[in-house]
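To start, the structure under review is shown below, and the notes come after it.
The values are calculated or read from the model by the stated rules, or taken from the named source; none is laboratory data. Note that this is a predicted model, so its numbers are computed, not measured. FYI the Cβ positions are ideal-geometry reconstructions off the backbone, even for glycines, and counts take in every protein chain you see. The accessibility values were calculated without ligands, DNA or RNA, using every heavy atom of the protein model including side chains. Shrake-Rupley method; radii C 1.70, N 1.55, O 1.52, S 1.80 Å.
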Amino acid sequence: MKKSITKEELMEIIDYLDPKIKQSLRNTHFQEREDLEQEIKLKMIETYEKVSELDAPNFEEFLLEYLKKQI
């Protein structure tokens, strides 16, 4: 049973993490902060899309397959 989040939920997560992103960007040059912030947010979206497409087994499926191999 796969539950993916909506685009709105993903944007809420990114907004929630925005203060931490901005805090981390204080270590970069002022002129590059805005571009880097956009890049970080874009990478977060791209990574979510990539990971959400993976067809990984849930824990029960994994455990059943593992136990079958042990026999």
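Do we have any residue at all in segment 48-63 that's in a helix (DSSP H, G or I), touching an Asp or Glu at 6+ places or on another chain (Cβ under 9 Å), without any contact (Cβ under 8 Å) to a residue 60 or more places away in the chain and surrounded by 10 or more Cβ atoms within 10 Å (Cβ to Cβ)?
We begin by selecting, within segment 48-63, every residue in a helix (DSSP H, G or I); these are 48-52, 59-63.
Going one step further and asking which of them are touching an Asp or Glu at 6+ places or on another chain (Cβ under 9 Å), we end up with none.
Within segment 48-63 (the criterion being in a helix (DSSP H, G or I), touching an Asp or Glu at 6+ places or on another chain (Cβ under 9 Å), without any contact (Cβ under 8 Å) to a residue 60 or more places away in the chain and surrounded by 10 or more Cβ atoms within 10 Å (Cβ to Cβ)), the answer is no, since none of the residues qualifies.
Quick one: how many residues across segment 16-34 are open to solvent by 100 Å² or more (accessible area, probe 1.4 Å), assigned to a helix (DSSP H, G or I) and of a type in the set (D, E, K, R)? Let's see the steps before the verdict.
Pass one, segment 16-34, residues open to solvent by 100 Å² or more (accessible area, probe 1.4 Å): 16, 20, 26-27, 29-32, 34.
Next cut, assigned to a helix (DSSP H, G or I) only: 16, 20, 30-32, 34.
Those still in the list that are of a type in the set (D, E, K, R) too: 20, 32, 34.
Qualifying residue count for the region: 3.
Which ones in segment 28-71 are of a type in the set (Val, Ile, Thr) and under 20 Å from Thr6 (Cβ atoms)? If you could, list the steps in order and put the result at the bottom.
Pass one, segment 28-71, residues of a type in the set (Val, Ile, Thr): 28, 40, 45, 47, 51, 71.
Passing the criteria: Ile45, Thr47, Val51.
Pairs only if they're at least six apart or on different chains, beta carbon under 7 angstrom, first in segment 9-22 and closer than 13 Å to Lys43 by Cα, second open to solvent by 70 Å² or more (accessible area, probe 1.4 Å); list them, first residue then second.
Correct list of pairs: empty, since none qualify.
Ser4 versus (1) assigned to a loop (DSSP other than H, G, I, E, B); (2) surrounded by 10 or more Cβ atoms within 10 Å (Cβ to Cβ); (3) over 19 Å from the mean Cα position of the chain (by Cα): which is the lone unmet condition?
Only one criterion in (1) assigned to a loop (DSSP other than H, G, I, E, B); (2) surrounded by 10 or more Cβ atoms within 10 Å (Cβ to Cβ); (3) over 19 Å from the mean Cα position of the chain (by Cα) is unmet by Ser4, namely (3).
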